[in-house]
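*Asks:* Dumping the structure here so I can ask a few things about it.
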Amino acid sequence: ENKVHGYLNSFIGIWQDKKYLKDSQSFLIEHLSKNTTINKSIKKNINKNSVMLHIRKANYVGEELNLDHYLNCIKYIKNKHGDNTIINLFSDYMNITKYKDLMERVDSVNLPDNNNPEDVINTFSKMLQNEHFIISNSTYSYMAAFIKNSERNPILMPKPWMVYKKNKLLNFPGFTEIER
């Protein structure tokens with residue numbers, strides 16, 4: 001059922017299927033490249049052996065991934081690409097640094113700067129600069145990985161994507177599903 005509510009419409013979750021995305025990677029790159037900050041990161045050489053690790057906690061009550069999932073993903077990446085991989089943590093959870101097991105395994109922490117209106121763009125741009133991706137069940141990290149997906153850079157994603165909602169078909173070649 002389509003209802004028009006003025007000039008702003010919201011479409012929730014319908015895009016979350018690879019049949020809608022499979023031909024969209026170049027379209028997304030072309031249009032996101034219109035933003036100067038994102039364009040620089042798309043064109044910039046990636047940081048070799050770097051890993052974007054995204055942990056989403058805010059507004060995911062009941063669907064958030066537990067810490068063990070992320071630690072298993074880090075172990076998987078390090079086993080495959082060596083201990084010299086650089087883990088760049090991105091999170092919306094300001095208290096993420098209290099998890100000592102996690103902090104021992106990451107090289108940098110990127111938290112939101114709520115005072116900077118450009119923070120979402122700047123953070124997304126930093127995400128794009130990584131070679132490998134450990135994504136949460138979040139559109140934000142999924143899109144960074146999807147844009148950079150070349151089947152050469154591993155992308156680890158949770159399986160299932162959501163526990164209490166219909167499972168999404170989002171894996172492409174290059175994506176590896178890791179049990180939650």
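The values are calculated or read from the model by the stated rules, or taken from the named source; none is laboratory data. Not measured: the values here are computed from a predicted model. FYI the Cβ positions are ideal-geometry reconstructions off the backbone, even for glycines, and counts take in every protein chain you see. Protein only, heavy atoms only, side chains kept; ligands, DNA and RNA dropped before computing areas. Shrake-Rupley method; radii C 1.70, N 1.55, O 1.52, S 1.80 Å.
*Asks:* Which of the aspartates and glutamates could a cross-linker bridge to Lys166, judged by Cα under 15 Å and excluding same-chain residues fewer than eight apart?
*Replies:* Asp17, Glu63
*Asks:* Also, I was wondering about something else. What is the helix-to-structure angle for 139-148, meaning the angle in degrees between its Cα long axis and the longest Cα principal axis of the chain, kept from 0 to 90 and rounded to the nearest 10?
*Replies:* 80 degrees
*Asks:* Only one of the listed values, (i) 1.16; (ii) 0.95; (iii) 1.02, was derived from the coordinates as Rg/Rh (Cα atoms, Kirkwood Rh); which label is it?
*Replies:* Calculated Rg/Rh (Cα atoms, Kirkwood Rh): the matching label is (ii).
*Asks:* On to the next question. Could you name the aspartates and glutamates in cross-link range of Lys57, using Cα to Cα under 12 Å and dropping any fewer than eight places away on the same chain?
*Replies:* Partners within reach: Asp92.
*Asks:* Turning to a different aspect of this structure: Listed here are the pairs Lys48/Lys78; Lys22/Lys48; Lys22/Lys148; Lys148/Lys168; Lys100/Lys148; Lys19/Lys80; which of them are more than 18 Å apart at the Cα?
*Replies:* From Lys48/Lys78; Lys22/Lys48; Lys22/Lys148; Lys148/Lys168; Lys100/Lys148; Lys19/Lys80, over 18 Å: Lys22/Lys48; Lys148/Lys168; Lys100/Lys148; Lys19/Lys80.
*Asks:* Contour minus end-to-end for Val163 and Glu179, with contour as 0.36 nm per residue of separation and end-to-end as the Cα-Cα distance?
*Replies:* Numbers: separation 16, 0.36 × 16 = 5.76 nm, distance 1.13 nm.
That works out to 4.6 nm of additional length.
*Asks:* Among Ser26, Ser125, Ser150, which one moves the most in a GNM of the chain with springs linking Cα atoms closer than 10 Å?
*Replies:* Taking springs between Cα atoms under 10 Å, the residue moving most is Ser26.
*Asks:* Moving on to the next point. Which loop-located GluC sites (Glu not before Pro) does the stretch 118-180 contain, where loop means any DSSP state but H, G, I, E or B and the Cβ has at most 16 other Cβ atoms within 10 Å?
*Replies:* Sites meeting the loop and neighbour criteria: Glu118, Glu151.
*Asks:* Same structure, new question: Check which residues have an amide H placed less than 5 Å from Asn110's amide H, if you skip close sequence neighbours.
*Replies:* The answer is Leu89, Phe90, Ser91.
*Asks:* Can you work out the FRET efficiency for the pair Lys40 and Asn84, with r the C-beta to C-beta distance and R0 = 30 Å, to the nearest 0.05?
*Replies:* 0.70
*Asks:* Could you put Lys22, Lys100 in order of accessible surface area, largest first, with the 1.4 Å probe and the full protein assembly present?
*Replies:* Lys100, Lys22
*Asks:* Can I ask one more? Using 0.36 nm per residue of separation minus the Cα-Cα distance, give me the extension gain between Glu118 and Leu67 in nm, one decimal.
*Replies:* Full-extension gain reported as 15.5 nm.
*Asks:* Next question. Using 1/(1 + (r/R0)^6) with R0 = 30 angstrom and r between the beta carbons of Ser33 and Lys100, what's the FRET efficiency to the nearest 0.05?
*Replies:* For R0 = 30 Å, the calculated efficiency reads 0.15.
*Asks:* Right, here's the next one. Using the alpha-carbon atoms, what tilt in degrees (0 to 90, nearest 10) does helix 119-128 show relative to the longest principal axis of the chain?
*Replies:* It is inclined by approximately 60 degrees.
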